[in-house]
Every structure is written in structure tokens, then in C-alpha cells.
Amino acid sequence: MDINFLLANTLNGVVYGAFLLLTSLGLSLVFGLGRVVNFAHGALYALGGYALIVVMQQSAGYWLALVLGPLLVVPLAIAIERAAIHPLRSRPEIYTLLVTFGITFMIIGALEYIWGTGTTLVEVPSPFAGTVTILGNPYPVYRLVAAGLSLLVSATVFAFIQFSAIGLQIRAVTDDAGMAEAIGVNTKWLLTAVFGAAAGLAAFAGALGAPIFAIHPDMGSGILIDSFLAVILGGLGNLPGTAVGALFVALTKSIGGGYVAEWSLAILFVVVAIALIFRPTGLFGRGRVA
Amino acid sequence: MEAPRFAKLTLVTLLAATVYAGPAAGQAESIKIGVLTLRSGPMSPIGDDIIAGIETATRMQGPLLGKPVELIVEESQWNAQLAVTKATKLVQQNKVAAILGTSTVEALALVAVADRLRVPIVTSNSGGAALTRQNCSKWVFRTNAEDLMSAAALKQVLAEKPKLGSAKWFTLGHDYPYSRLVAKTVQGVTGGNYVGEAFAPLDTTDWSPFIARVRSAGATAIMMSITLGTPLLQFVQQANEFGLTKEAQLVAPIGLPDWLVAKLGPLSTNIISTGSWAAWRYEEKNPATKQFNEVFYKQHGRVAGMQSLQSASATMMVYRAIEKAGSTDPQAVVRALETIQVATPVGPLKFQPGGRQAMVPLFLGPYEELKIPRYGARYAQLVEIAFPASKSLPPTGSDAGCKLK
Amino acid sequence: MRVTRDIGKLVPLATATALLAGLPFVGVGEFTITLLTEALIFGIWAMSLDLLVGYAGLVSFGHAAAFGLAAYSAGYFAREVMEDFFAALLVAEAVNVLVALVVGFVIARVSGIAFAILTLCIAQVLFTIAVIWRSLTNGMDGMVGVPLPKIFGISLASGTAFYLLTVFCLVGVYLALTRLVDSPFGRTLQALRASEERAASIGINVHLHKWLAFVLSWAVAALAGTLMVFLKAGTTPMSLHWTESGNVLVMAILGGIGTLLGPVIGATVFVFVRDEFTSRFQAWQFVFGLVFVVVVLAFPTGLVGLLNRIHGLRRRTRSAGEFPAVIKRIRSSLWRARL
Amino acid sequence: MASALVVQGLSKSFGALRAVENVSLDVAPNQVHSLIGPNGAGKTTAFNCISGFLRPDVGRIWLNGQEVTRWPPHRLASAGMARTFQITKIFSELSVLENVALAARSRDGRNLQMWRRANHCAAKEQAEEVLRTLALSARTDSSAGQLAHGEKRVLEIGIALALRPAVLLLDEPTAGMSSRESEHIAALIRKLSSRVSVLLVEHDMEIVLGISDVVTVMTQGRIIASGSPAQITRDPEVQAAYLGTAEPEFVS
């Protein structure tokens, strides 16, 4: 297997990594802000896929549905936060994992009940249906477009966190919630809003990935594990770290998948395990994760 | 916790357990048949097809030994452990006369406990050859074709289709023992034309690394031993997205369920199946298939897929056996199953002498667009070759390695 | 005095054991016994998790590893070497303890979410090995053909005999673990849960204690895995999958962690509810998730906490002296209304 | 008489931030040695380095003449160094008695006993005695989490005392207390110094000056002065450092 093969799978990894960043960012933000381990993130991703279908059925085009669909998920996520996560504020963070574990079951069950268990293929939207030649082989244009869009949205999120007033508050709370509250940041409101926004990001990813990965009720479980590994590797709550983590997970899967197929996942888990043993707070984590 | 509380809590649990009696035994006069299959998750359309086929066969049957037939469907999640629990429930609580449905992993798990359950199990959705060969059990029968039969059919196809025979072959599968067997077979049959294989982890959603691998190997035919359902849809979609379908012929080692073909739509025409267990277009040759298709369409409003046809055939064999035995005595039904021959939607069926594998034909051919949609289907498999069991199966069970006690 | 107090505690336990063991003989349905056997095995498993989660405060999201590994080693031994239950158990214990000693030594370095993810990683790696090492495990098709267990040369052919064996194991584990959590070691684990830093500052070797807790937990889980592989006559890689780890965590939390008995009740409820739901509803996942969410939100101490609260309420009602006069009046008027 | 605790040339950086730089301390037996300085002076970092919770970059530490540099916290504790925390760390779900008994058992090396009942240990009597000394006997069976804030701080000292340490490190023991409670603690510390050497980080100047034998002043990671309370109050550098920051810094 030649260098072209390695390069092809590096490209595959980068494309998937860009996509993974979208789902990981929200997970990381919500943890950093409210110590919420959101196991339902994958289910919200799936909801995004179904929201896309719902909007497209109203004879909206793909691109319109890509924008509107995720917006449908946001209020639902906010309701989930208020009803199930907010009441757990005073309890150890592991309870948020448990409650969102249950919510995942509820969402998947509801999706199966309403839309059935089947898989829906979404056609690659025009005008990006074809391929371009990269490294001597055809490569789907839509993957490049989706990766570009993912990066664009992620960069916007980064910029928002870095430069906006609300972003400043988010960073302050992530750094030291008690202190931020003392200087007048409304952490409750902030968490609810960020949870909604993170769900929107996940839903957007689900809709954006639909023409590649198709839509079915359980579509979120794979991406959830990948995102978790990315966020853990990067250091929970650390956004630049999350970006590196996402890229790392994606490259391990694609390059590993190319060379040692069936072992690739095990290798990923071993690497994450080793990283955690030496850096329990992630490669770029600060302080202790209690 | 104080110890007295232990007593109280245990008492509560015990009461709950005692009160729990499950559904009432139902009408005493009915004959109960258990169906064990997948009812949730992305693969459950296969379960739906299995149940639908059994329902139609049951409706066509009418009363059995003068009694109504009652179907009891249980969710097994295609999980071996849960399947054992649910099979036990069907036997101990519902007193079923036979169990239908089940996939390979469940059927193998049931073989292990078959002597404890003591009920005829006729599976119609299990490929694993071991089930009716080295692991065979007195109680467990199979009506669909096992993997080694499909492998024999593949040889025939390669011999008859020079374009495939001279192709450069690559096996891409999920990491199931079945996939390994398919790979071994393809390698054995194609010899020097075999350019590689890869086995993806079970929850692979992004196939791009594997597509790169296939390309790097220069393959022009891909044997897809990929789980029938979402994963296969994802792979075919992504192979098309990457333009791989223009470079290589996609081959499926077993048939695609018709709901999957419907989802794939035009994409399905890139695929040839070398080992379908059933095909509804066999109705052109077999009146029993046509008769069943019509009843099925009336009842369910869709075309009878591979799993429906297969499960219906298994159901019919069980009903014939019960009629022949004259009772639902499990031993008698098993003895009757060994000897009956039944006209089913997949052709006339009987079990291999001294074995547990039905002498079932295989249906080979590409998927194509229908000029006139039929039973709601717009794409379907063309039955180019009906490959008889005599060419693919050892004549007796013991030749196949099945030693019945 | 100590002796009489111990006897005082033993009597209800003995009564409960006798009641539990007597179930098959008082007309309880055959399948209920089958399901109860499964539930109690899960109960042992959930108790072993409780030692980690409820006492040492280490949330494992990969406890299926301990269960599946034992199932594979006991099952393989029983099929290939001998059918004796205790011999197979010994093998499973040896394998589990060995692996836990190695793995635990490393992961006892971390806590909290890192611990949860690390345990998940370990389970997933074992899962992959079980899929790939086909000569030993038969891959995804699962290892089948595990014979019925023999005890002292007698084959446990009947469901009742197997059930009694399970009850015996459960009670044994319960006794041992209640003793353990009440020992200096058990108290030290609880100290770790409250604050590892504080524990270290009073001279507790935090790493050593977490390591031992991990090994003990895996040793107890080995018993559950061994029983299960005999009950099901085999196992598959799915017994190592993270969804199973999630299930056992659900059982423990549902019943109430840090109580030992709670996880057993949680496992029982889980098994019976899952059986009913999967039989009755196609969207059983929704109902299942709903029940779980409600328990986590409304009853942080699980079902045991709920039962205790009901119990406490009754006791308080009996000694009405504690009640403020207003409540007493409301209560008496309620009584009158009912009469 | 040899020093109870000697710290020599201790330095610790976090990235570019030099939290502690070349700090040396010498705590004589049965003395109360206080470490003061404005917020961010590096007192708690120094404390964490000494008690093993942080690894110093440079520097050596001796406890009762034995070098203990880079020992893990639990080993230091067994060797006779006990500490409290700035933010109360107690085992809040366990009883008050159990909190102290844990430390007593740990001192006797009984943590690993798995079959004995915890309540039947000799440690129980030792713990009860500590609670008597601290006037906490009335709360013996309460859950530690239910204690009042002041009681929790006292309990924390009790846990440390149960280790029968040679050196006791107290990190702001009066934080968040009323002045009456603070006085109570101050008296307690003074009383304890007949049995142990105390290294104290404290913001309440009145207490520091009232009970200390030696006071060491740190700013920005460095020691700027060390001496008796009288010497310290006269030191011009200390005055400058303290006048430079607003008085409220020292109000707890």
C-alpha cells in the first residue's frame, strides 16, 4: 500500500475530523459550563437528521432544511435541560450522565415509534453530487463541502466564544463557576442557552451528515462515542483541545481502518486509555477533573 | 442498611415476583406458535418481514388440527442472551408448539439450550453453517440456505459469468465469522484474481477508509459481506458517492431484502446477488410463490421480501408437520419434520436426510428496474439462475458433519 | 451482647433466604423462577458494581468487562475441561483477579470521569478481542455449547436446582459484602468517595485502596459471569459491550447505590420490567428510558430510598408526638373523612 | 534540639507563573510557625508542596531529621505530618466519630482490614478521646455534613490530631468563622503546640501575632521576612508590602 493510500486516508480522516468537531464542540462546551456529561448528545444528533426530513417533506430544499431543521431541535433541547438537567445542579456530575442516558432511550424509542425503525437515504444535494479527482481518484465533492461547512461553523463558534460578551461569560463560568456567579453572571440561564445551542450544533451535524451517513433512530450512538473520546482526549471543556482530539480520533479511525481494519477501534481505545492514564484531565486539560 | 430491612425489602420483591404471572394462558384450545425476532433498532424491518411472512402463512393455513393458531411474538433484539430468555418464556409460560424466526447468533444460542427447552425450532434467517453441521441439534431446523451453500453457488456464477470470473476480487465485510467464511470462499474460488480483504469494526459508519483500501488494491469486484440493513445502505451510498460503483461490480453473498432494495432504488442496479434465499419473482416458475405473493400483498400492501418468503416456508413446514404428527407433541413434530415435503413459496421443500438443513434452492441474479411496478416494487432481483440444493448441499446430514444423537 | 446482636440480624436474613429459596415450592411459575434466576445473577453483578460506585465512588462504565471475561473463561473451561461449577468458578476468579490486578493497578491512578471512560475503553478492547480471537471465542457468533454445571458430580439439570444455587451465591455474596463495607477497609473506601485528597492527607494509600476495591469488584462479578454462562449455555461478545455496562449501571442506580441490597432489587425490577416491556410495547425503549429518568430525578437514592422513605413516613406517623399540632388536626380530619 | 520540619530552597512554577521561589523554612519542635502574606503570595502552594500534594520543582524537605522530599501525601501522613485544608474537606457522609476514627485506624495501619467490624476497633476509643479534647463529644454520632461551619473546621483539626502528628499544617483554620469561634481556635492551637509543631497559614493578623512563635512573610512567591511577631511588625519591608495592598485583604 503506497503513499497515495496513506494520503487518501489522511484526507478521509481530516474530513471526518472536521465533521466530528461539530458534534464534539457542543459536548465540550456543555461540560465546561455546567459539568454536564451529556450522553443524549448522540440522540440530539439523530433528531437533527429527522428534523431535516420533516422540513424537506414540507417541500423545502435541502439547504433550507439544513438551516431550519436544527432550529426545531433547539427548543426541545432547552425543554430537556430545564426539565431533567437543571434539577440535578446540586448533585454529582455523574447524575447528568445517568439522566441523559435515560433520555437517549426515550428519544430513540420516540423516533422509532413516530418514524419507524427504517433507514432513510438522503440524496446528495445539488450542485455537489459529483466527484473531483484528488490524488488520482474521484473524491465526493459533498464531503469536501460538508467538511468546509463544519469548519466554518466551528470557527464561528470559536470566534463567538473568544470575542463576544456572552462568550466571555461562558469562558468565565468554565474557568470558575463560583467566581463568575459572584460577579453577576447568570449561570443557570447561560447553561440553558448553551445547552440549546450545543443541541443545535449536534442537530446541524446530523442534518449535514445525512447525505453521507443516512438517517435512522440509532444513528447517534457511533458518533457519540467518537465525540466523547475526542472531548476526553482534548480535555473536557477545552475547545482547542477538543479540536485536536476530534482530528486525532478521526485520523486514528481512518488511517487505522485502512491498515488494520478490525483492530482500528481497539487501537483508538488503547490510545485514549494511555493518554488518560498519564493525563487524567485530557491531553490539554487543566486542573483536576473531579 | 439494617438487617430487618433486608427482610422487609426481600418480602416486597418476593410479593412482586409472585404477583407477576405474565399474560394469562389464553384459550386452551388454540395452538400457540412462538416467533422470536428483532422488533427495535435499525435492523427491525427484517423482523417486520419475518413476522409478516409468518402471519400470511398462518392466515393461509386457517385452523390447525381443528384449532385456531395463535402467534406469540417476542422481541429478541438479535441478542443471544435475551433470545434464550425469551425462548424459555415462550416454552415455559406460553407453552408454544414450535419457535420460528431467529438469526444465526440466536439460533446458535438456542441450540445450546435446545435439550433443556425441548421444542422444535425452525429458523429461516440464519446463515451460519455450523448450525446444521457440527453444532446441529435434534430440535433445530433451518429452511433458508446456509453459507456454504451460497459459496457453492458463487462458484457456479463465476464459471458462468466470465466478466465476474476474470474480475479482481476484494472482500469487504463486518467482522463476523460469516464474513471470514465468505472471504475464504471468494479467495478459494477466484485464486490469483483475489486482491484483498478487509473487515470493518461492527459499528462502522464512515466507509471511506475502506473504499480507499479497495481502490488501492485495484479491485473490480467487491464481495460485500456487510450486515443487511443500515450498514449496507451506508456502504452502497458511499461507494456511489465516491464513484466506486463505476469502477467495480458490487456483489452480495446473500440476497437483499426487498425493503432494502426499495430504499436503494436505482443504486440497487449496481448489485448482483449470488445467494438469495428467496426471490418473489420466482412466481414466474412456481405457482405456490405466486399464490403466496398475492395473499401477502393483500394483507400487507407490499411485496413479499426474502425474509417473508423464507419465514412463510418455515411456517408452512411446521404446520404440515403438526398435521402429520396429529398433535403438538414435540417429539412427534420433530419426527414429522424429518420426513415431510411441502410446496412452499421457495419451491418444494424437505429436510436433508439425517440432517436439519432444508434442501432449498438459491436464486441468483442482478437487481434491475421493473418496467411495470408489481406489488408496489419498482426494483427487484432478476432470477437468472435457480440453483438447486442438490448442487450445493451434501446428500445427507452426516455427510455435512451433523451427528444427531 | 455482640453475639446476640449478630443473631438478631441473622434471623431476618435467614427468613428472607428461606422465603426466597422456597419460591419454587409454593407454586410460583416456572418461567418466573427462570427470570428470577437471571435477575439474581444480575443482582450479584450489580452488587459488585455497587462496591465501586456506591462505596469507593468510582463510576465504572465498563463493568461488562468483568462479567463477560468471567463468562468466557468459565464457559470455555466448562466446555473444554470439566463441567464442575466450582472448578469453572475458580478459573473465572483466577482470570478476573489477574486481569483486574494488572488493569486496576493502572486505572486506580485516576478518578471521576476519567475512570468511567478508562473502564469503558478496557471493556471495548476486550470486546474487540472477543470478536477477533475466533479460535477461542467463535467471534460474533458467540461461544456456545457450555454444558449444565455439575456440583459435587451432580448435574444441575432442573431450573429449580440452578435457582437454589443462585440464591445460595447471592446470599453468600451479600453477607460477605455487608461485612466488608462495615470493615475498616469498607469505611476507608467511603472516605475515598468523599475526598481522595483528604483521605491521602490522613495517611490512606489512595491508590492501593482503589486498586483493591477494583480487584474485589471484579472478583465478585466473576461469580455472576460464571453463573450466567452456565444459565445461558454460552455467551457472545455482546456481554462485553458498553450497552451492557450501561444496563448494570442502570440496575444499580435504579435500586439505590451504596446499599448493596438496592442493586439486587434494581436488577430484579430491571429484568422483570424489561421482559414485560419488550413483550408488550414495540417502543419499549421510550417507556424504559422514561422510568429511568423519573427514578434518577425523583428518587436520587433509588428504589431502596423510596421504600425507606415510605417506611420512615409510616414510622413517624405512628409516633404522632413528633407531629406539629396542625398536621395532627389535618390528619385526624382526614381519618374522619375516610370513616 | 533538631527541627521538626525543615524546608530548603523550595520552588514551584506553573507554566510561566513562579508560584513559590526559593522558600526555606525551619519549624522548631512545639512551636507555632505562621506563614503570612497577601493573596497569591504562594502560601498554599508552598503548603501543598510540603504536604506532598504538589511536586516541587526544586527543594528538599526534612521531617524530624528524615528527608521526605517528593514523598506522596499518605506516606508523609504516616511519617507524622498532618494537614488541614483551606476549603473544608471532611468525609461528610460519615459520622463525626468515623471521620476521626478513620485517621486513628490509618495511623495504626488498619485500613486494610476487611473482615473486622470497624466499630469494634481500638481506634474508636482513640477517636472518642480526640472528640472530648475538642469538645465535640456531643456530636459524636451526627453526620459530619450536618455540622455547623465552625464545628467542621474543628473536626478537620480533630482528624489531623488523630494521626498523632509531629507536625501539624493548618491552612487558614479560622476562615469563615465568627470572631468568637476564631478565638476558640486560636486558644486550641496554642494548647496543641505543647504536643506538636504547628505550621500555620492564616489571614487573621490578630491571631497570628497572638499565638505565633515565629512568623514568616511571603509576597509573590518569595520570603521577605522571618522572625518573632514583634520583629515582623517592625520590619519596614513588611510594612511596605502590607501598606501597598489594601487592608481588606486581611479581613477574612
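What the table below lists for this structure:
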| read-out | value |
| --- | --- |
| Number of the condition not met by A:ALA203 [criteria: (1) within 13 Å of another protein chain (Cβ to nearest Cβ); (2) open to solvent by less than 20 Å² (accessible area, probe 1.4 Å)] | (1) |
| Residue among A:LEU44, A:LEU27 that alone is open to solvent by less than 10 Å² (accessible area, probe 1.4 Å) and at pLDDT below 95 | A:LEU27 |
| Listing of helices (runs of 4 or more DSSP H) fully contained in the stretch A:92-191 that carry 3 or more residues being within 14 Å of chain C (Cβ to nearest Cβ) and farther than 28 Å from A:LEU52 by Cβ | A:94-115 |
| Of the criteria (1) in contact with a Leu (Cβ under 8 Å, 6 or more places away or on another chain); (2) within 12 Å of chain D (Cβ to nearest Cβ); (3) open to solvent by 10 Å² or more (accessible area, probe 1.4 Å), which one C:PRO184 fails | (3) |
| Number of positions in the stretch B:52-98 that are touching a residue at least 60 places away in the same chain (Cβ under 8 Å), part of a helix (DSSP H, G or I) and more than 9 Å from every other protein chain (Cβ to nearest Cβ) | 10 |
| Unmet criterion (only one of (1) part of a helix (DSSP H, G or I); (2) more than 14 Å from chain C (Cβ to nearest Cβ)) for D:ASP141 | (1) |
| Boolean, D:PRO56 is part of a loop (DSSP other than H, G, I, E, B), farther than 20 Å from D:GLU172 by Cβ, assigned by TED's automatic domain parsing to the domain that holds D:ILE189 and open to solvent by less than 30 Å² (accessible area, probe 1.4 Å) | yes |
| Filtered residues of the stretch B:262-299 (kept if closer than 14 Å to B:ARG374 by Cα and within 14 Å of chain A (Cβ to nearest Cβ)) | B:ALA262 |
| Condition check for D:GLY9: open to solvent by less than 40 Å² (accessible area, probe 1.4 Å), among the small types (Gly, Ala, Ser) and within 12 Å of D:PRO56 (Cβ to Cβ) | yes |
| Only listed residue being modelled with pLDDT of 85 or more and more than 17 Å from the chain's Cα centre (by Cα), chosen from D:SER194, D:SER228 | D:SER228 |
| Residue in the stretch B:268-282 that is in contact with an Asp or Glu (Cβ under 7 Å, 6 or more places away or on another chain) and surrounded by fewer than 23 Cβ atoms within 10 Å (Cβ to Cβ) present | yes |
| Selection within the stretch A:229-256 - touching a Gly at 6+ places or on another chain (Cβ under 9 Å), at the interface with another protein chain (Cβ under 9 Å from one of its Cβ atoms) and either modelled with pLDDT of 90 or more or farther than 30 Å from A:VAL173 by Cβ (or both) | A:LEU229, A:ALA250, A:LYS253, A:SER254, A:ILE255 |
| Residue that is nearest to the other protein chains (Cβ to nearest Cβ), among those in the stretch C:194-205 that are part of a helix (DSSP H, G or I) and surrounded by fewer than 22 Cβ atoms within 10 Å (Cβ to Cβ) | C:ALA194 |
| Checklist (1) modelled with pLDDT under 75; (2) assigned by TED's automatic domain parsing to the domain that holds C:ILE44; (3) aliphatic (A, V, I, L, M) applied to C:ILE330, failing item | (2) |
| Residue match in the stretch C:107-127 (condition: surrounded by fewer than 20 Cβ atoms within 10 Å (Cβ to Cβ), touching a His at 6+ places or on another chain (Cβ under 8 Å), in contact (Cβ under 8 Å) with a residue 40 or more places away in the chain and assigned by TED's automatic domain parsing to the domain that holds C:HIS241) | yes |
| Flag if D:GLN66 is away from every other protein chain (no Cβ under 12 Å) and open to solvent by 60 Å² or more (accessible area, probe 1.4 Å) | yes |
| Any hit, the stretch C:246-261, residues being modelled with pLDDT of 90 or more, open to solvent by 10 Å² or more (accessible area, probe 1.4 Å) and closer than 28 Å to C:MET140 by Cβ | yes |
| Test: residue in the stretch D:184-191 that is open to solvent by less than 10 Å² (accessible area, probe 1.4 Å) and in a loop (DSSP other than H, G, I, E, B) | no |
| Hits in the stretch B:228-253 - residues which are assigned to a loop (DSSP other than H, G, I, E, B), surrounded by fewer than 23 Cβ atoms within 10 Å (Cβ to Cβ) and more than 7 Å from every other protein chain (Cβ to nearest Cβ) | B:LEU228, B:ALA248 |
| Residues of the stretch B:343-365 that turn out to be part of a strand (DSSP E or B), open to solvent by less than 30 Å² (accessible area, probe 1.4 Å) and out of contact with any Pro (no Cβ under 6 Å at 6 or more places or on another chain), as a count | 9 |
| Condition met for B:LEU131 (crowded, with 24+ Cβ neighbours inside 10 Å and within 27 Å of C:PHE277 (Cβ to Cβ)) | no |
| Residues satisfying the stated conditions in the stretch C:113-158, i.e. within 14 Å of chain A (Cβ to nearest Cβ) and part of a loop (DSSP other than H, G, I, E, B) | C:TRP133 |
| Residues that are part of a helix (DSSP H, G or I), free of Cβ contacts under 8 Å to residues at least 40 places away in the same chain, within 20 Å of C:HIS209 (Cβ to Cβ) and within 11 Å of chain C (Cβ to nearest Cβ), drawn from the stretch D:100-138 | D:ARG105, D:ALA118, D:ASN119, D:ALA123 |
| Odd one out for B:SER216, checked against (1) buried (at least 21 other Cβ atoms within 10 Å of the Cβ); (2) among the polar types (S, T, N, Q); (3) facing chain A (nearest Cβ under 9 Å) | (1) |
| Residue ID - nearest to C:HIS241 (Cα to Cα), chosen from residues in the stretch A:264-286 that are open to solvent by 60 Å² or more (accessible area, probe 1.4 Å) and either more than 14 Å from chain B (Cβ to nearest Cβ) or out of contact with any helix residue (DSSP H, G or I) (no Cβ under 7 Å at 6 or more places or on another chain) (or both) | A:ILE274 |
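One line per residue, one yes/no per condition, for (1) open to solvent by less than 10 Å² (accessible area, probe 1.4 Å); (2) touching a strand residue (DSSP E or B) at 6+ places or on another chain (Cβ under 9 Å); (3) not β-branched (Val, Ile, Thr):
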position	(1), (2), (3)
D:GLY109	no, no, yes
D:HIS120	no, no, yes
D:VAL130	no, no, no
D:ALA135	no, no, yes
D:ILE157	yes, yes, no
D:ALA160	yes, yes, yes
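The values are calculated or read from the model by the stated rules, or taken from the named source; none is laboratory data. The structure presented is a predicted model; accordingly, all values stated were derived computationally and were not measured. As a convention, Cβ positions derive from the backbone with ideal geometry for all residues, glycine included, and neighbour counts pool all protein chains shown. Quick note on the areas: whole protein, heavy atoms, side chains included, nothing else; ligands and nucleic acids left out. Shrake-Rupley method; radii C 1.70, N 1.55, O 1.52, S 1.80 Å.
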